[in-house]
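Where a number appears in this text, it was derived from the coordinates with a stated rule and is not lab data. None of the values given here were measured: they were computed from a predicted structure. Note that we place each Cβ from the backbone using ideal geometry, even for glycine, and neighbour counts take in every protein chain shown.
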Amino acid sequence: MYKFEFEKYSGPNSRYTCPKCGRPHCFTRYIDTETNQYLADDVGMCDHKNRCGYHKPPREYFKERGSGYHFEYRQPNPLNRFTESPKETDFIPMRIIEDFEKLDKKKNTLKEFLSTLVSPSDLQRVFSAYHVGTTKNGGTVFPQIDVQGRCRTAKIMMYDERGHRIKGERDMVDWLHSRIMRMKRLKSSDWNLKQCLFGEHLLHSRPNDMVCLVESEKTAIICALRCPKYLWLACGGKQNLKPEMCQALEGRNVLLFPDADAVADWEERKKRLSFCRKIKMYSWYKHEAEGSKRDIADVILEELQDESQEKKQEETWEEVQEKHQEKIRLTTNGDIYQWMSEAGIEKDRVQINV
């Protein structure tokens, strides 16, 4: 008998909500045959093999943690049989994210701003790759989708027509899991949130690409538009550069792009990310003024805006040239006869040589 096997069916309560497709009572979990305990809440298989296909075996669970089974697995303490098991991570069905993606992108103020600087095809390619969505009031939805394709939550932010975050008495930032909790009238203890990197789901499809890690989701999008050969991810905050948030980067080559005011902090924090194959700081900030709070996206936006302005000036000059050419045309015999008539000169008195 194997150490871990699928839990035997004993009714609907023995089947759980699939962490990928979000369907209830269709997820079969692995169980330890010796202790009769589960592994993590996402270790198991969805019954909908064709429509969903999610399957995470125990070996993948231990491989993600970078250690063998004997180091990771611990037998329960017989002196404390009633220890409460870790609470399952809550996920949001991907169909909700897909609904945000289907909303009219013209209402997305951030996308409208970026459309003045880059081509529509590039913009759509990046928004689709990261599953960036739009709210009914024009907000931008940045989902956190993990390497298993499960949505942990989504950050919802408002931007003005210049691409700046709208701020009032408090930042105009909301979270998708918080909206769901308010709608269902859940308490904070009813939802177990474990965040992941923005763009983390792209790691599997781009296994050999250099990973570039920035702070904000907007920065990751702008950098992906400018330098698509690299894989741009965001941790969502200076303090989020920590092992539990960045575990998916294990074995990858990583370049860090800190905000100008977070360089020293990230230099210290990167020491805890030794599970990366290589990790370095990219010194884009070396020419920044003292006290600067800018990030790499500010530099890129300046370049894009300069290029856009130069392109407009070129187009304006071409329009002037075209109008000038329209005014210049060859003189015809009809023009000459018209001038002669206006001057009172008879046609027979003038000989025209062509």
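Apply the Karplus curve 6.51 cos²θ - 1.76 cosθ + 1.60, θ = phi - 60°, to the phi angles in the range 12-27 and return the couplings in whole Hz, x for Gly and Pro.
x, 6, 8, 10, 10, 6, 5, x, 9, 8, x, 6, x, 6, 9, 10
Measure off 7 Å from each Cα along the Cα-to-Cβ vector at Val147 and Ser119, then give the distance between these two points in nanometres to one decimal.
With each label placed 7 Å out from Cα toward Cβ, I get 3.3 nm.
Each residue of the range 297-309 in turn: what ³J(HN,Hα) in whole Hz from Karplus with 6.51, -1.76, 1.60 and θ = phi - 60°, glycine and Pro shown as x?
So the Karplus estimates, Gly and Pro as x, are 5, 4, 5, 5, 4, 4, 5, 5, 5, 5, 5, 5, 5 Hz.
Name the residues whose placed amide hydrogens come within less than 5 Å of the amide hydrogen of Cys212, ignoring near sequence neighbours (fewer than 5 apart) on the same chain.
The answer is Leu231, Trp232, Leu233, Leu255.
With a ≥ b ≥ c the root eigenvalues of the C-alpha gyration tensor of the range 109-250, is it rounded (a/c under 1.5), prolate (a/b larger than b/c) or oblate?
Numbers: a/c = 1.79, a/b = 1.10, b/c = 1.63.
Oblate, since a/c reaches 1.5 and b/c is not below a/b.
On a C-alpha basis, how far is the centre of the range 20-38 from the centre of the range 258-315 in Å? Whole number, if you could?
If we compute the Cα centre of each part, the gap is 44 Å.
Rounded, prolate or oblate: pick one for the range 220-279, where a ≥ b ≥ c are the square roots of the eigenvalues of its C-alpha gyration tensor, a/c under 1.5 means rounded, and failing that, prolate if a/b is larger than b/c, else oblate.
Working: a/c = 1.82, a/b = 1.21, b/c = 1.50.
Taking the square roots of the gyration eigenvalues as a ≥ b ≥ c, the range 220-279 is oblate.
Between their Cα atoms, which of Lys8/Lys49; Lys229/Lys270; Lys20/Lys56; Lys20/Lys136; Lys229/Lys271 are more than 21 Å away from each other? Working shown, then result.
On the way: Lys8/Lys49 18 Å; Lys229/Lys270 23 Å; Lys20/Lys56 11 Å; Lys20/Lys136 25 Å; Lys229/Lys271 26 Å.
Table pairs above 21 Å Cα-Cα are Lys229/Lys270; Lys20/Lys136; Lys229/Lys271.
Using label points projected 7 Å from each Cα along Cα→Cβ, tell me how many nm separate Asp209 and Phe6, to one decimal.
If labels sit at Asp209 and Phe6, their model points lie 3.5 nm apart.
Compute the FRET efficiency between Lys238 and Glu64 as 1/(1 + (r/R0)^6), taking r as their Cβ-Cβ distance and R0 = 41 Å, and round to the nearest 0.05. Let's see the in-between values first.
Numbers: r = 25 Å, r/R0 = 0.62.
The formula returns an efficiency of 0.95 here.
At 0.36 nm per residue, minus the direct Cα-Cα distance, what do Lys311 and Ser188 gain on full extension? Give it in nm, one decimal, please. Please report the intermediate quantities before stating the final value.
Working: separation 123, 0.36 × 123 = 44.28 nm, distance 5.13 nm.
Here the answer is 39.2 nm.
First measure r as the distance between the Cβ atoms of Glu112 and Lys293, then evaluate 1/(1 + (r/R0)^6) with R0 = 22 Å and state the FRET efficiency to the nearest 0.05.
Numbers: r = 25 Å, r/R0 = 1.14.
Step by step, r from the Cβ atoms, then E = 0.30.
With 31 Å as the limit, write out which pairs from Lys107/Lys278; Lys87/Lys155; Lys63/Lys167 have Cα-Cα distances beyond it, or answer none.
Lys107/Lys278; Lys63/Lys167
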